[in-house]
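The values are calculated or read from the model by the stated rules, or taken from the named source; none is laboratory data. Everything numeric in this text was worked out from a predicted model, so none of it was measured. FYI the Cβ positions are ideal-geometry reconstructions off the backbone, even for glycines, and counts take in every protein chain you see. These accessible areas exclude ligands, DNA and RNA; they are computed on the full protein's heavy atoms, side chains included. Shrake-Rupley method; radii C 1.70, N 1.55, O 1.52, S 1.80 Å.
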Amino acid sequence: AVGQGRTSLGIKVKEGVVIATEKMTPSVLVDQKSRTKIASLSSNCGLVYSGMGPDYRVLLRKGRKIAQEYYMTYKDEIPVSQIVREMASVMQEFTQSGGVRPFGVSLLIAGIDDEGPQLYQVDPSGSYFAWKASAIGKHSISAKTFLEKRYFAHKDMGLEDAVHTAILTLKENFEGAITNENIEIGIISLKDKTFKTKSKEEISDLLKEVE
């Protein structure tokens, strides 16, 4: 299911983390506002998925609940590694419980905590790793190859460069024209440590910059 999902990717730099994804709708009649692939788990943490949308919604709800419980207890935002570990545990549980199937999604979780910018990939098996840059979904292998070349060619990549690199990586294997309607971008920077998604207008400007 993950291998058939639309490509999503994440890039971590010193200044923050960028996540981006392709978003294809099954019909032109679908209201675009009702479909989002990037969402925030807490103010300091967001995620994107490749795979089955309904499975992602369940994990998103569980993740938000975990983040909220931590905040209610400690009056502080949850460390990124902790929410990743908790969500990976939920996914792993579904690989060995009777009467259920594993989640058909991989997640890229981006955030900032006391350890600085963080980017994690969580797979349906429940395994998770921290990455400098990663891609999941249909064209993940070629996207990772492209990211490797760009990442090490620009060792001191800034957040703005990371956004441009994310768009160019998606563009590599994009089917059709890339527009502000069919991609999403989420960003978190060290300046405000708040996860934000880019608006359609901002994405349009960014697409003009990389042309």
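Do we have any residue at all in region 19-34 that's part of a strand (DSSP E or B), of a type outside the set (A, V, I, L, M, F, W, C) and more than 12 Å from the chain's Cα centre (by Cα)? The answer is no; no qualifying residue exists.
Scan ALA166, ALA143 and give me the residue that is in a helix (DSSP H, G or I), more than 13 Å from the chain's Cα centre (by Cα) and crowded, with 21+ Cβ neighbours inside 10 Å. Let's see the steps before the verdict.
Details: ALA166 fails: more than 13 Å from the chain's Cα centre (by Cα).
One residue alone meets the criteria, ALA143.
Residues in region 147-159 that are assigned to a helix (DSSP H, G or I), of a type in the set (D, E, K, R) and over 22 Å from ILE109 (Cβ atoms): LYS149 only.
Of all residue pairs spaced 6 or more apart or on separate chains, those with beta-carbon atoms under 8 Å, a first member in region 36-47 that is within 15 Å of LEU119 (Cβ to Cβ) and a second member that is crowded, with 23+ Cβ neighbours inside 10 Å and of a type in the set (Ser, Thr, Tyr) are ILE38/THR21. Residues in region 36-78 that are over 21 Å from ALA130 (Cα atoms), open to solvent by 30 Å² or more (accessible area, probe 1.4 Å), of a type in the set (D, E, K, R) and out of contact with any helix residue (DSSP H, G or I) (no Cβ under 8 Å at 6 or more places or on another chain): ARG57, ARG61, LYS65, GLU69, LYS75.
Got at least one residue in region 91-99 being in contact with a Leu (Cβ under 8 Å, 6 or more places away or on another chain) and in a helix (DSSP H, G or I)?
Step one: filter region 91-99 for residues in contact with a Leu (Cβ under 8 Å, 6 or more places away or on another chain), giving 91.
The next check asks that each one be in a helix (DSSP H, G or I); those that pass are 91.
Yes - at least one qualifying residue is present in region 91-99.
Take region 104-140 and flag every residue that is small (Gly, Ala, Ser) and in a strand (DSSP E or B). Passing the criteria: SER106, ALA110, GLY111, GLY116, ALA130, ALA133, SER134, ALA135. Scanning region 169-209 for residues that are part of a helix (DSSP H, G or I) and open to solvent by 30 Å² or more (accessible area, probe 1.4 Å) yields LYS171, GLU172, LYS200, GLU201, GLU202, SER204, ASP205, LYS208, GLU209.
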